[in-house]
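Presented below is the structure to which this report refers.
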Number of protein chains: 2
Amino acid sequence: MRIEELQTPALLVDGAAFAHNLETMSSALPGPRLRPHVKAHKCTALAARQAAMGHPGFTCATIREMEGMAAAGLGQDLLLANEVLDTSRLGALARSGARVTVAVDSEATIEAAARGGVQEVVVDVNVGLPRCGCAPDDAGRLAELARGRGLEVRGVMGYEGHVVGLEDRAQRTELVGQCMELLVKAHASVGGELVSAGGTGTYDINTWASEIQAGSYALMDTAYGKLDLPFRQALEVLATVVSVSPGWAVADCGLKSLGMDHGNPTIEGASVWFCSDEHLTFSADPLPAVGDRVRVIPGHVDPTVAYHERLHVVDGHDVVEVWPVDLRGW
Amino acid sequence: MRIEELQTPALLVDGAAFAHNLETMSSALPGPRLRPHVKAHKCTALAARQAAMGHPGFTCATIREMEGMAAAGLGQDLLLANEVLDTSRLGALARSGARVTVAVDSEATIEAAARGGVQEVVVDVNVGLPRCGCAPDDAGRLAELARGRGLEVRGVMGYEGHVVGLEDRAQRTELVGQCMELLVKAHASVGGELVSAGGTGTYDINTWASEIQAGSYALMDTAYGKLDLPFRQALEVLATVVSVSPGWAVADCGLKSLGMDHGNPTIEGASVWFCSDEHLTFSADPLPAVGDRVRVIPGHVDPTVAYHERLHVVDGHDVVEVWPVDLRGW
C-alpha cells in the first residue's frame with residue numbers, strides 16, 4: 001500500500017528512524033539495562049521489536065498494558081510502574097504464567113498486592129516529582145512490611161520525571177544525581193536487585209539505576225526533540241489539506257488525533273495557528289492546495305498514539321507494515 | 001452494578017443531569033430546529049436518546065461518525081459538517097440508504113462529492129473563524145458549480161466557533177449577529193432550505209440559523225460551564241486515589257483519559273496541580289485516603305470522551321446503563 005491510499009489522519013512511523021532509535025538505545029543500554037516503557041506506544045508489535053533487540057523486561061503504566069503484553073507472548077518480566085488498589089486482574093495474570101511485578105508505596109498498596117495474588121513488588125520512592133512514591137526514609141519499613149506479607153521485594157523504582165525533559169544537559173545531569181542519591185539510599189534499606197528509574201531524557205546520564213524505563217526514544221516527539229539526544233523523529237500524523245483560504249489552510253488532523261498537553265504540534269515550513277477537534281489551521285508560504293498531504297509532528301508522543309487504532313510503518317511512500325495500537329484503555 | 005465496582009478511570013454520565021440537558025435543549029429547539037452534533041460524545045446510544053427527543057437529523061465531523069450513525073439506524077438525515085476529499089465511503093453510505101449531506105467550500109470538494117457519489121451538499125461559509133468555509137461572496141458561485149455537477153444544494157452552513165465560548169453574553173450576542181449577517185447574505189445567493197450554524201454557547205441567541213449544530217450541551221464541560229447556560233455538568237471521570245504524600249494526592253486519571261487543550265480538569269474542593277499520562281496530582285484539605293474515589297470534571301468534553309471505550313450512566317451510585325463510545329477513529 002502507498003501512503004497516498006491511507007485514510008487521514010493516520011499515524012506514520014518512519015521505519016529507518018525507528019530502527020536507528022532502537023539500535024542507538026540498545027547499544028547504549030543492552031539487554032536488561034533497558035526496560036522499555038510501553039506506555040509511549042501502546043503497541044505489542046512495536047514492543048516485539050524492542051524485545052528482539054535483547055531487552056527481556058518491559059515497563060507498563062496500566063493493567064491493560066500488562067495483560068496485552070502477556071497475551072502477545074511478551075510477559076517474561078513485566079513491571080507495572082504504578083500503584084494499583086484492585087489487583088485481582090494482576091493476580092490472575094501472574095497465575096496464568098506471566099511474571100508480574102507491581103509498584104507499591106503504602107501499606108494499602110502492599111496489602112492490595114498481597115490480597116490480589118501478586119507475588120513480586122518494587123518499592124516506589126519519591127525522588128522529587130510530586131507524584132507517587134514513598135518518602136526515601138520510609139522505603140525500608142515498607143519493604144519489611146511487604147516481606148512480612150509474603151511478597152518478594154525485587155528492589156526500588158523512582159522516576160525523575162521532573163528532570164527528564166530539562167533542555168540544559170548540565171542541569172539535567174546535576175539534578176539526576178540529586179534524585180538518584182535519594183533512590184540509592186532507599187535501595188540500601190530495601191535490598192533486591194532492581195534500581196529502576198530514568199527515561200529517554202536521562203538514559204545516558206542516569207548511571208545509578210540498574211535499568212532505565214525509557215519509552216519515548218522509539219518514536220520521539222517535539223518536546224524530546226529539543227534535547228541533545230541521538231534519537232530521530234520517527235512519528236508523524238499524516239493529514240490531508242481539506243480547505244484553503246487567503247492566508248491559511250486547514251488539515252484534517254486535530255485535538256482527537258494529537259496529545260495537546262505540550263502545546264501545538266509542528267509542521268515543517270509552516271506555522272500552526274490552532275487545533276480544533278478534527279482540524280488544524282496553519283499558514284505557510286506558499287500555501288498548499290486542497291488535497292495536498294502534510295506531515296504533522298506531535299508535541300507529546302504518548303497521548304497522541306493513545307487516540308489512534310494503528311501505526312503505519314513506512315519506507316518512503318510505501319506502507320510496509322501496519323501495527324495495531326492494541327494496549328489502549330484500562 | 002455499583003460505581004464502586006468500576007475499573008478506573010471511568011466516564012460517568014449523571015442520568016438526571018443528562019435528561020435535564022436533553023429536555024432543556026429540546027424545549028428551546030424542538031424537532032429539526034436542533035441538529036445534534038455527535039462529535040461531542042461519539043456514542044450512538046446517546047444519539048438515540050437525542051433522536052427520541054424528536055430531532056430527525058444529526059451533525060457529524062468524520063466519515064466514521066457518519067457510517068456508525070447509519071449502522072445504528074440513525075441515518076435519516078446526516079450532515080457531515082466537514083470537507084472531504086475522498087468521498088468513496090460517503091458515496092457507498094448514500095447508496096446503502098442513508099441520507100448523506102456533505103459540506104463543500106471549494107471546487108475540489110464539490111468535484112470530490114460528485115465523483116464519490118454523494119448527492120447532497122451544503123455550501124460551507126466562513127463567518128469569521130479562520131478554518132473551513134468559502135468567502136461569503138463566493139458561496140453563490142460554488143452553489144451554481146455544485147448544481148452544474150448534478151448535486152442537490154440544500155443550503156449553507158457557517159460555524160461561529162470563535163464566538164460560542166465567549167463568556168460575556170452581550171458580546172457573544174453581538175458577534176453572533178455579525179457572523180450570521182454574513183451567512184444569511186450567502187444563503188440568499190445559494191438558496192435551499194438549510195441555514196445550519198451555532199453551538200451550545202449560541203443555541204438561544206443564534207436566531208438566524210434554521211438549525212443549530214449543538215453537541216456539548218448533552219454532557220457539558222468546565223469551559224461551557226463558565227457561560228450562563230441552563231445545562232448541567234453531566235460528565236465526570238471517576239478516578240481512584242492511588243498514592244498520598246504529605247501535601248498532595250495522586251489519582252489514576254491523566255492525559256490519556258482527559259482532553260487537555262482547555263487546560264487542567266477540575267476536582268470540586270481540590271486544587272489540581274498537573275496531569276501525567278495516567279496520573280493526576282492534586283491537593284485538598286483534608287487529603288483523601290489511598291483507595292478513595294474522586295470525581296474529575298473535564299475541561300473539554302469532546303477530546304475527553306474520544307479516549308474512552310464506554311460511558312457509564314449512573315443514578316447515584318448505581319450504574320444503570322453502559323453505552324459504548326462506538327464512533328471513535330476515522
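Some observations on this one:
- Residue satisfying all of: in region A:117-136; surrounded by fewer than 20 Cβ atoms within 10 Å (Cβ to Cβ) and over 22 Å from residue A:184 (Cα atoms); farthest from the other protein chains (Cβ to nearest Cβ) among these: A:119
- Qualifying residue in region B:216-239 (condition: modelled with pLDDT of 95 or more and over 30 Å from residue B:307 (Cβ atoms)): no
Listed here are the residues, each with its yes/no results for (1) surrounded by fewer than 24 Cβ atoms within 10 Å (Cβ to Cβ); (2) more than 12 Å from residue B:156 (Cα to Cα); (3) within 15 Å of the chain's Cα centre (by Cα).
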position: B:182; (1), (2), (3): yes, no, no
position: B:186; (1), (2), (3): no, no, no
position: B:196; (1), (2), (3): no, no, yes
position: B:214; (1), (2), (3): no, yes, yes
position: B:219; (1), (2), (3): no, yes, yes
position: B:228; (1), (2), (3): yes, yes, no
position: B:232; (1), (2), (3): yes, yes, no
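This table checks each residue for (1) out of contact with any strand residue (DSSP E or B) (no Cβ under 7 Å at 6 or more places or on another chain); (2) farther than 23 Å from residue B:260 by Cβ; (3) not assigned by TED's automatic domain parsing to the domain that holds residue B:312.
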{"position": "B:161", "(1), (2), (3)": "yes, no, yes"}
{"position": "B:171", "(1), (2), (3)": "yes, yes, yes"}
{"position": "B:192", "(1), (2), (3)": "no, yes, yes"}
{"position": "B:201", "(1), (2), (3)": "yes, no, yes"}
{"position": "B:205", "(1), (2), (3)": "yes, yes, yes"}
{"position": "B:208", "(1), (2), (3)": "no, yes, yes"}
{"position": "B:226", "(1), (2), (3)": "yes, no, yes"}
{"position": "B:236", "(1), (2), (3)": "no, no, no"}
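- Any chance residue A:160 is part of a loop (DSSP other than H, G, I, E, B), in contact (Cβ under 8 Å) with a residue 40 or more places away in the chain and away from every other protein chain (no Cβ under 14 Å): no
- Scanning region B:163-180 for residues that are surrounded by fewer than 22 Cβ atoms within 10 Å (Cβ to Cβ) and part of a helix (DSSP H, G or I) yields B:169, B:170, B:171, B:172, B:173, B:174, B:175, B:177, B:178.
- A single entry from A:108, A:143, A:81 fulfils the requirement of being of a type outside the set (S, T, N, Q) and farther than 19 Å from residue A:210 by Cβ: A:108.
- Residue list for region A:279-299, filter: within 12 Å of chain B (Cβ to nearest Cβ) and within 18 Å of residue A:18 (Cβ to Cβ): none
- Every condition in (1) over 17 Å from the mean Cα position of the chain (by Cα); (2) more than 10 Å from chain A (Cβ to nearest Cβ); (3) surrounded by fewer than 23 Cβ atoms within 10 Å (Cβ to Cβ); (4) free of Cβ contacts under 8 Å to residues at least 40 places away in the same chain holds for residue B:15 except the one numbered (4).
- Count of residues meeting criterion [under 30 Å from residue A:124 (Cα atoms) and open to solvent by 10 Å² or more (accessible area, probe 1.4 Å)] in region B:241-264: 9
- Among the residues making up region B:289-321, those that are open to solvent by 30 Å² or more (accessible area, probe 1.4 Å), of a type outside the set (A, V, I, L, M) and in a loop (DSSP other than H, G, I, E, B) are B:291, B:292, B:309, B:316, B:317.
- Filtered residues of region B:267-291 (kept if under 15 Å from residue B:9 (Cβ atoms) and polar (S, T, N, Q)): B:276, B:281
- With respect to the conditions (1) of a type in the set (Asp, Glu); (2) within 23 Å of the chain's Cα centre (by Cα); (3) open to solvent by 50 Å² or more (accessible area, probe 1.4 Å), residue B:111 falls short on a single one, namely (2).
- Single condition residue B:155 does not satisfy, out of (1) touching a strand residue (DSSP E or B) at 6+ places or on another chain (Cβ under 6 Å); (2) open to solvent by 10 Å² or more (accessible area, probe 1.4 Å); (3) more than 26 Å from residue A:6 (Cα to Cα): (2)
- Tally of residues being of a type in the set (Val, Ile, Thr) and touching a residue at least 40 places away in the same chain (Cβ under 8 Å) across region A:73-111: 3
- Residue B:114 meets the stated requirement of being in a helix (DSSP H, G or I), over 22 Å from residue B:212 (Cα atoms), more than 14 Å from chain A (Cβ to nearest Cβ) and at pLDDT 95 or above.
- Those residues of region A:194-224 which are without any contact (Cβ under 8 Å) to a residue 60 or more places away in the chain and of a type in the set (Gly, Ala, Ser), in sequence order: A:198, A:201, A:209
- Where a residue in region B:129-149 is within 21 Å of residue B:163 (Cα to Cα) and its partner, wherever it lies, is among the basic types (Lys, Arg) and open to solvent by 60 Å² or more (accessible area, probe 1.4 Å), with Cβ under 6 Å and at least six apart: B:136/B:185
The values are calculated or read from the model by the stated rules, or taken from the named source; none is laboratory data. Because the structure is predicted, anything quoted here is derived from the model rather than measured. Glycine also receives a Cβ, built like all others from the backbone with ideal geometry; neighbour counts cover every protein chain displayed. Quick note on the areas: whole protein, heavy atoms, side chains included, nothing else; ligands and nucleic acids left out. Shrake-Rupley method; radii C 1.70, N 1.55, O 1.52, S 1.80 Å.
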